[in-house]
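The block underneath contains the structure these notes are about, expressed in structure tokens.
Taken together, the values in this text are just the output of simple stated rules run on the coordinates, not laboratory data. Predicted, not measured: the structure shown is a model, and the values here were computed from it. All Cβ positions, glycine included, derive from the backbone under ideal geometry; neighbour counts span all protein chains shown.
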Amino acid sequence: MRFWLLLLCLPTAFSLQAQKQIVVTVDDLPTVSRFYRTPADRMAMTRRLLHHFREYQVPAIGFVVSQWLYRDGAPDPDQVAILKQWLEAGYELGNHTFAHKDLNRISIREYLDDVSGGEKITRDLVSRQGKPFRYFRHPFLRKGDTPGKKDSLERFLVQHQYREAPVTVDNSDYLFSLAFDKALLKGDTATAGEVGRQYLDYMTAVVGYYEAQTDSLFGRQIPQTLLIHANSINAHYFGELLRRLKNRGYSFISLEDALKDEAYRSEDRYVGRGGISWLHRWALTRGKKGAFFKGEPEVPALVNQLAEGQ
Ligand SMILES: [Zn+2]
């Protein structure tokens with residue numbers, strides 16, 4: 001190919017690649033880490049995480065477990081300060097319940113009380129910033145193991161002006177972070193670094209897997225919703241993951257913009273105990289069977305062993 005022809009082709013290839021979009025949603029605020037425990041460390045970890053978002057212009061959203069904002073029954077100013085850090089940096093916050101209860105294990109009445117309790121402290125903080133408090137993220141991504149529970153929860157969220165925050169790119173970042181924390185607590189930075197490298201490769205593979213699932217289901221790419229947690233491994237490695245996503249052709253968009261895609265109005269009739277990707281809920285609703293779901297990347301043995309060990 002002549003050189004000038006090659007030049008003509010380059011912008012086309014680039015613009016096709018650049019059509020991929022992804023939202024970063026962060027669960028379990030203020031922080032969830034065994035290594036960063038003191039108020040100063042939690043704040044430092046938060047600044048590190050938010051720095052990655054700022055560097056790559058990621059309009060992230062954080063989901064708060066409001067029970068963790070209290071100490072001895074009173075609001076804990078150190079934990080509340082972490083939320084203020086998010087808000088002042090321009091990020092939106094949503095409801096992730098009061099006590100992170102598991103809908104599979106409790107009655108719908110108890111669960112809905114936990115959803116209401118998720119408004120404590122955070123709703124006021126958010127409204128003082130003039131921001132909306134409008135998204136709900138299900139703990140463990142569980143939406144009801146009976147039709148009655150699922151319907152009641154959906155009705156409740158609508159009545160209280162919440163929109164559910166779906167997850168398409170589900171993953172096990174929390175296991176990597178637990179393994180990472182345990183290595184750091186032992187002072188084993190070499191192993192921690194190895195966990196970090198494996199995390200990046202794993203997450204890249206997970207994104208590839210859900211891209212393929214999306215193509216199979218919709219015949220196109222849709223804006224993806226990525227779930228991560230406010231944990232140590234993301235404070236350390238999420239910047240590198242964002243760099244990789246950018247190189248893969250992703251731009252970073254808000255949850256509000258992602259949900260405008262009609263894919264997010266797909267019917268979800270999945271009722272069961274699994275906390276699974278919305279892509280898989282939609283696939284099951286459309287009658288997809290076993291073979292469709294194959295190939296999800298696994299957590300490496302080293303990480304599982306470290307996460308389970310002392
Ligand atoms: Zn959670």
**Asked** Roughly speaking, what is the stretch gain from SER116 to HIS51, that is 0.36 nm per residue apart minus the C-alpha to C-alpha distance, in nm to one decimal?
**Response** 20.3 nm
**Contour excess over end-to-end distance, with Cα ends at ARG123 and GLU262 and 0.36 nm allotted per residue** = 47.2 nm
**Prompt:** If you count, for each residue, the other Cβ atoms within 10 Å and average over each peptide, how do 83-95, 292-304, 232-244 line up from highest to lowest?
**Reply:** 232-244, 83-95, 292-304
**Prompt:** Taking LYS294 as the anchor, which aspartates and glutamates have their alpha carbon closer than 15 Å to its alpha carbon, excluding any fewer than eight residues away along the same chain?
**Reply:** ASP170, GLU211, ASP215
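If you take every residue apart from PRO39 with its C-beta less than 14 Å away from the C-beta of PRO39, what net charge results, scoring Lys and Arg +1 and Asp and Glu -1?
Combined, the nearby Lys, Arg, Asp and Glu give +2.
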**Prompt:** Using a simple charge model, +1 on the beta-carbon of Lys and Arg, -1 on the beta-carbon of Asp and Glu, nothing else, what dipole does the chain show about its Cα centre, in debye to the nearest 20?
**Reply:** 480 debye
**Message:** Report D for the chain in µm² per second (integer): Stokes-Einstein, Kirkwood Rh on Cα pairs, 10 °C, 1.306 mPa s.
**Reply:** 78 µm²/s
**Complete:** Any residue on another chain or 5+ positions along whose placed amide H is under 5 Å from the amide H of GLU164 is listed here as PHE136
**Request:** Rounded to the nearest 0.05, what FRET efficiency do ASP78 and THR189 give with R0 = 41 Å and r taken as the Cβ-Cβ distance? Could you check?
**Result:** 0.95
**Message:** If you consider only alpha-carbon coordinates, what radius of gyration and Dmax does the stretch 209-291 have, in Å?
**Reply:** 14.6, 40
**Message:** Taking the beta-carbon count within 10 Å as an exposure proxy, list HIS100, HIS138 from fewest neighbours to most.
**Reply:** HIS100, HIS138
**Prompt:** Ordered by residue, what ³J(HN,Hα) values in Hz, to whole numbers, does the stretch 238-246 give under the Karplus form 6.51 cos²θ - 1.76 cosθ + 1.60, where θ = phi - 60° and Gly and Pro are x?
**Reply:** 5, x, 5, 5, 4, 4, 5, 5, 4
**Message:** Per DSSP helix of 4 or more residues, -39500 (n - 2.57); summed, then divided by the residues of the chain. What does that give at 222 nm, rounded to the nearest 500?
**Reply:** -15500 deg cm²/dmol
**Nearby aspartates and glutamates by direct alpha-carbon distance to LYS186 (threshold 16 angstrom, same-chain neighbours under 8 apart not counted)** = GLU194, GLU308
**Fill in**
At q = 0.11, 0.13, 0.16 1/Å the base-10 log of I(q)/I(0) from the Debye formula over the alpha-carbon atoms of the stretch 97-213 is -0.56, -0.74, -0.93
**Which listed pairs, of LYS120/LYS143; LYS84/LYS149; LYS20/LYS143; LYS260/LYS289, have C-alpha distances above 30 Å, in listed order** = LYS84/LYS149
**Message:** I want to check the label-to-label distance for HIS160 and PHE292. Put each point 7 Å from Cα in the C-beta direction and report it in nm to one decimal.
**Reply:** 3.1 nm
**Vicinal HN-Hα couplings computed from phi for the stretch 24-34 (Karplus, 6.51 cos²θ - 1.76 cosθ + 1.60; Hz; Gly/Pro x)** = 9, 10, 10, 9, 6, 6, x, 8, 9, 7, 7
**Prompt:** What is the sum of charges around ARG197, taking Lys and Arg as +1, Asp and Glu as -1, for the other residues whose C-beta is under 15 Å from the C-beta of ARG197?
**Reply:** -3
**Request:** Per residue of the stretch 269-284, in order, report the coupling 6.51 cos²θ - 1.76 cosθ + 1.60 (Karplus, θ = phi - 60°) as ³J(HN,Hα) in whole Hz, putting x for Gly and Pro.
**Result:** 9, 5, 10, x, 7, x, x, 10, 4, 4, 4, 6, 4, 5, 5, 5
